1. Every residue in region 261-271 that is closer than 12 Å to residue 206 by Cα and part of a loop (DSSP other than H, G, I, E, B), please.
2. So residue 150 ticks every box in (1) farther than 30 Å from residue 249 by Cα; (2) assigned to a helix (DSSP H, G or I); (3) modelled with pLDDT under 95 but one. Which box is left unticked?
3. Is it the case that region 129-141 has a residue that's buried (at least 23 other Cβ atoms within 10 Å of the Cβ), over 13 Å from the mean Cα position of the chain (by Cα) and either assigned to a helix (DSSP H, G or I) or modelled with pLDDT of 95 or more (or both)?
4. Looking at region 272-290, can you tell me whether even one residue there is assigned to a loop (DSSP other than H, G, I, E, B) and either of a type in the set (A, V, I, L, M) or in contact with a Leu (Cβ under 9 Å, 6 or more places away or on another chain) (or both)?
5. Suppose we keep only residues that are closer than 14 Å to residue 210 by Cα and open to solvent by less than 20 Å² (accessible area, probe 1.4 Å) within region 249-291. Which one would you say is modelled with the lowest pLDDT?
6. Give region 154-166 a look and list any residue that's open to solvent by 50 Å² or more (accessible area, probe 1.4 Å) and closer than 8 Å to residue 121 by Cα, or say none.
7. Being closer than 15 Å to residue 20 by Cβ, of a type in the set (A, V, I, L, M) and over 25 Å from the mean Cα position of the chain (by Cα) is the filter here; which residues of region 221-255 pass it?
8. Can you name the number of the only condition in (1) more than 30 Å from residue 239 (Cβ to Cβ); (2) in contact (Cβ under 8 Å) with a residue 24 or more places away in the chain that residue 71 fails?
Amino acid sequence: MAEEWPWLKDQPVFTTHGEKHGNVTRVPHGASLEPVGAGLVLLVAGLAVSTGLAVAGIGLVLAGFTEDLGPVSWWWLALGVPAAGLAVFFLAGVYIRGMELIMRERPRTLVLLTGLLGGVALGLAALAAWWAWRASDISLHPELIEHDGWNRGQIVNATVFTIGALAAAAACLIAALFAVRGVRRARRDAARILRLRETGTRRAGVVAALPDPNDWDRGGDVAIRYQDETGEQVIRVRVNTYAHEIPVPGTPLIVFTDPAGDLLVELDPDHPLEYHPDNRPYESDSSGGGT
């Protein structure tokens, strides 16, 4: 499976600009930066529509029993259950295709959240419309004519679902704005990594020391040593990894540099990777980090 989808191979990643956690750009060797086309947009739209149908279908089952409509309410499961299965399919599609196009977890997660919140908004809007229809259908409740023709309980439900739909739509819009910004930043960084791999000056380096356990939070700063035209260079970069996957000192690295001073540090894929055997100081440290 890891060979089929290289993002499953979760090795340590070195970042030179302080990125950590979901903001780490992961570009497997052999990967290319494809343009973001209509395919991802359609996947997100499919996720939103299928989620909306699932919310509406399951919600209408519960609403039907609230209105004493009897066993006929179960028929709404014919809408809700297949829609839920379809939503899982689109969720997996956005998860996989999003990582291939974005190469960062956080903006990919925001794209997923945009689709899910959009679907919740659609589903709640459908439920609000159903409750409004029930409230206004006086022919089903002739006894309510003397009360201005309105069932106040149903109107309250319609109002609550309308407010919920508007709130979900607003959250969807906010998530979409942050997702667009995050996707652009991630793709710029992925393009930088690919450029340095292709055109940067390649130098051999090694991990010079272990990270400080007191500063550990799913990663920490480590010293990197390499040689350039001016002699030996020692720099500090962040290694993003788990406590049980910390490279030992002496681990071979590849350091890419360019004339502008940009830097890329990666594990040397031609050498076996050895992890530090004692991860206890990093599992429970005084800074509250660890894994």
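The values are calculated or read from the model by the stated rules, or taken from the named source; none is laboratory data. Everything numeric in this text was worked out from a predicted model, so none of it was measured. Neighbour counts are summed over all protein chains in view; Cβ atoms, including those assigned to glycine, are modelled from backbone coordinates with ideal geometry. Keep in mind that these areas ignore ligands, DNA and RNA; they rest on the heavy atoms of the full protein, side chains included. Shrake-Rupley method; radii C 1.70, N 1.55, O 1.52, S 1.80 Å.
1. Selection gives 268, 271.
2. Only one criterion is unmet by residue 150, namely (2).
3. Yes: region 129-141 contains one or more residues that are buried (at least 23 other Cβ atoms within 10 Å of the Cβ), over 13 Å from the mean Cα position of the chain (by Cα) and either assigned to a helix (DSSP H, G or I) or modelled with pLDDT of 95 or more (or both).
4. Looking through region 272-290, at least one residue is assigned to a loop (DSSP other than H, G, I, E, B) and either of a type in the set (A, V, I, L, M) or in contact with a Leu (Cβ under 9 Å, 6 or more places away or on another chain) (or both).
5. Here the residue is 282.
6. Of everything in region 154-166, just one residue is open to solvent by 50 Å² or more (accessible area, probe 1.4 Å) and closer than 8 Å to residue 121 by Cα, namely 166.
7. If the condition is that a residue be closer than 15 Å to residue 20 by Cβ, of a type in the set (A, V, I, L, M) and over 25 Å from the mean Cα position of the chain (by Cα), then 222 is the only one that fits.
8. Here residue 71 meets the rest and fails (2).
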